[in-house]
Amino acid sequence: MSLAAHDLSKDYPTRSGPLPILRGVDLDLGRGDALAVMGPSGSGKSTLLHILGTLDRPTAGSVTLDGTDPFSLPEAELAAFRNRRIGFVFQDHHLLPQCSVLENVLIPTLVSRAGVDETEPYARKLLDRVGLGGRLDHRPAELSGGERQRVAVARALVLKPTLLLADEPTGNLDRKSAQAVGELLLDLHRQENTVLVVVTHSGDLARLFSRRMEMTDGTLAPAA
């Protein structure tokens, strides 16, 4: 059970020629591994995360998750693979304001083989674990920023993915809430035995991780 990226490159076309964003990135993570990727804006962190999450395709190189190359799959199968195997937590929680906390967590099940009825008990359990078991019927507007991000973490885990990806998950939170969400993310990752990759500008968040790497001009290397 692992995530492997080999010689990943990503270029974007411009009038003056290809603009390289990633340059020969290699990465190998197993179940239970957690990695924080740091780097300045424009270094390629989010591009790397989007490729690992199959939201974007590399120009060259390969990605495999649990031995499957997702980019070899037809589009419909790729979408199902992403839904089932990969959970996302973004800087903006992207909760639906008209839906309750529980309904927001169950949204990934609407396009999954695992139906709502089958998954709802686990969703309730996750919300208990993130401290929101008593807020299931609340709307996002009734929650604090830290609470909304806790809902987003539960939503990312509801289908028990192999890979959990987080893009600046504490970027919009105050320091106390950021610390709590960072610790929660790592605790749930350990309990669920996922592969966790977080990209962040936050040194406080990165220091919670035993493994840290840095993106510089599209290359990835162990952090100093």
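The values are calculated or read from the model by the stated rules, or taken from the named source; none is laboratory data. Owing to the predicted nature of the structure, the values given are computational and were not obtained by experimental measurement. Glycine also receives a Cβ, built like all others from the backbone with ideal geometry; neighbour counts cover every protein chain displayed.
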Scan the range 17-34 for residues that are of a type outside the set (A, V, I, L, M, F, W, C) and either modelled with pLDDT of 90 or more or in a strand (DSSP E or B) (or both) and jot them down. P20, R23, G24, D26, D28, G30, R31, G32, D33
Does V89 satisfy being within 16 Å of the chain's Cα centre (by Cα) and over 18 Å from A180 (Cα atoms)? no
Subset of the range 136-184, residues assigned to a helix (DSSP H, G or I), of a type in the set (A, V, I, L, M) and under 20 Å from R82 (Cα atoms), comes to V151, A152, V153, A154, A156, L157
Selection from the range 193-209 of residues farther than 21 Å from H94 by Cβ and either among the aromatic types (F, W, Y) or assigned to a helix (DSSP H, G or I) (or both) yields G203, D204, A206, F209
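The rows are residues; the columns are (1) at pLDDT 90 or above; (2) out of contact with any Lys or Arg (no Cβ under 6 Å at 6 or more places or on another chain); (3) under 23 Å from S41 (Cβ atoms).
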{"residue": "L157", "(1), (2), (3)": "yes, yes, no"}
{"residue": "T162", "(1), (2), (3)": "yes, no, no"}
{"residue": "R175", "(1), (2), (3)": "no, yes, yes"}
{"residue": "L186", "(1), (2), (3)": "yes, yes, no"}
{"residue": "T200", "(1), (2), (3)": "yes, yes, yes"}
{"residue": "L205", "(1), (2), (3)": "yes, yes, yes"}
{"residue": "L208", "(1), (2), (3)": "yes, yes, yes"}
{"residue": "T216", "(1), (2), (3)": "yes, yes, yes"}
{"residue": "T219", "(1), (2), (3)": "yes, no, yes"}
Within the group A178, A156, A141, A123, which residue is among the small types (G, A, S) and touching a strand residue (DSSP E or B) at 6+ places or on another chain (Cβ under 6 Å)? A156
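Given the criteria crowded, with 21+ Cβ neighbours inside 10 Å and under 18 Å from the mean Cα position of the chain (by Cα), does L8 qualify?
no
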